[in-house]
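The structure under discussion appears below in the form of structure tokens.
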Amino acid sequence: MIDRRSSGVASLHTVLLAGEAVLWWCALAAAVPHFRGLEFTSLLPFATYPAAIGMSVLIAMNPLWQHEGSLTALGWANSMRLSFRQTMTIAGAVFTVVVGLKDPGISRVFLAGYFSTLAAGLILLNRYQPGLLVRVVFAGGARLPTLVLGDETLFPELAKWLSFRSKLGFAPVGVVRYRGKAPSIPGLDTVGEFDTLKTAIAKTRARQVLMLSLPHSAEDAERLARVCASCGCRLLIHNNLTFRLTYPLRVLAQDGYSFLAFRDEPLEDPLNRVLKRVLDLLVALVVVVIVVPPVGLCVWLFQRRQAPGPLFYRQLRYGRAGQSFSILKFRTMHADAMHLRQVATDDDRVYPFGRLLRRTSLDELPQFINVLRGDMSVVGPRPHFIRHDETFADAVNEYRVRYFVKPGITGLAQSRGFRGAISTAEAIRQRLQLDLDYIHNWSIWLDVAIIARTARQIVRPPPMAR
């Protein structure tokens, strides 16, 4: 099937990248001594670093799988992003060996030359190697003559999709009319009706049938499957429910039963939850032990001068599965002015130093205590006022999907500058869409990227911060 072909290209490309990164290390190590003043030195066996590099590339396969369907058309921008991730992964593996196995003899000049040239090479390899693999692997007998039948309006951008898949051997050879409708594809003739599909397959020597929508009835589906099986022909049926329902669907198989589900939920995987919790504890422990005490003391001193009252501000919010918890913040408003009205720009309830805390998000630091308690995660959808939750849920149908995961100190929406008061339904939808993207596309690397982006915003707050 076509998905196996695209994922196979991703796998082959990854294995080749691992070998190429290792070969480049070996080649550079062999070439360096020929340059005056340069040498490759290490206190470890020579194979140690190549082994670590090869394994790190294979482990870093996840970003490739995210692109598997479009790996042959990444473009320069995506190739550069992918190459940066791979280079950082390889660098992490190398420096782990340097520190973990105590190898002070490794040449810093050699490492700088290796990583800089490797990054450039990976960009070129990610840009061109998948296309070369496709041409080599799917040449000749790998071609899949394909009959197309059904209503093309139920398959948006059909011609573009077929053109792209042609690189994987997809070769349309004709169209078949189904219930009075035949797709209009340049260069292809109508070669039959649904009732004469078997004849059309024999006439065109098709090895695959692509139906552009779900069959109209169970009888049609049974007949389609039976005809294709009797002709030794593959069958691919487009699940157009995704477009009819406006929700992405997944097909699940459990205990011999098949189910349709809306989107994916990576954090329902226990291993993913463990990975996320470990990252939460590592980050939260560092912040609570090292950062919160001195910042808390500084906040307390300014509060004494500008707005006497309690150091912390506590408020109920909804968390995972809609369970309420008490969220912690450094108090940024005058003690006698705290109520449920959301803070607005230039709100006079906020004391001067509190304004700086809010703009830099340092008022959120005590929430790392919530993370240690398990109420929150470092990264996740931001929890709102409880009364706002009800309002937002009425405005946007999918709002409560956010309760699938723990709320976060920061999130994908916040890392992209969506912060501050929400004043319109469109603003709610924008933030919610990013929250849903996070929930359905979670990875540990996404959490790390959001944490890094948020840390940068503490130094350079976005315009919407206040």
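The values are calculated or read from the model by the stated rules, or taken from the named source; none is laboratory data. The structure displayed is predicted, hence computed values, not measured ones. Because the Cβ atoms are built from the backbone with ideal geometry, glycine has one as well, and the counts that use them run over all protein chains shown. For the accessible areas, the whole protein counts, side chains as well, though only heavy atoms, and no ligand, DNA or RNA atoms are used. Shrake-Rupley method; radii C 1.70, N 1.55, O 1.52, S 1.80 Å.
If you only keep lysine pairs separated by 8 or more in sequence, or across chains, how many in the chain come under 22 Å at the Cα atoms? Let's see the in-between values first.
Numbers: Lys160/Lys181; Lys181/Lys198; Lys181/Lys203; Lys276/Lys406; Lys329/Lys406.
Counting lysine pairs in the chain gives 5.
State which stretch of the chain is the longest one without any exposed chymotrypsin sites (Phe, Trp or Tyr not before Pro), exposure meaning a DSSP loop state and at most 14 other Cβ atoms within 10 Å. Kindly include the intermediate steps, with their values, before the conclusion.
Details: sites that count: Phe35, Phe46.
Answer from the scan: 47-466.
Give me the 1.4 Å probe accessible area per residue for the stretch 121-244, excluding ligands and nucleic acids, in Å².
52 Å²
How large is the dipole of the stretch 186-291 about the Cα centre if only Lys and Arg carry +1 and Asp and Glu carry -1, each at its Cβ, rounded to the nearest 20 debye?
With only Lys, Arg, Asp and Glu charged at Cβ, the dipole is about 320 debye.
Using only DSSP helix segments of four residues or longer, with each worth -39500 (n - 2.57), what per-residue ellipticity at 222 nm results for the chain after dividing by its residue count and rounding to 500?
Calculated mean residue ellipticity at 222 nm is -16000 deg cm²/dmol.
List every residue whose amide H lies under 5 Å from the amide H of Phe312, counting only residues 5 or more places away in sequence or on a different chain, with H placed 1.01 Å from N in the peptide plane.
Under 5 Å from the amide H of Phe312: Arg331.
Just tell me the longest site-free run in the chain, where the sites are GluC sites (Glu not before Pro) in a DSSP loop having at most 16 other beta-carbon atoms within 10 Å.
After excluding every exposed loop site, the longest remaining stretch is 158-397.
Using Cα Rg over 2.2 N^0.38 Å as the read-out, say which of (i) 1.17; (ii) 1.24; (iii) 0.96 was calculated from these coordinates.
For Cα Rg over 2.2 N^0.38 Å, the calculated option is (ii).
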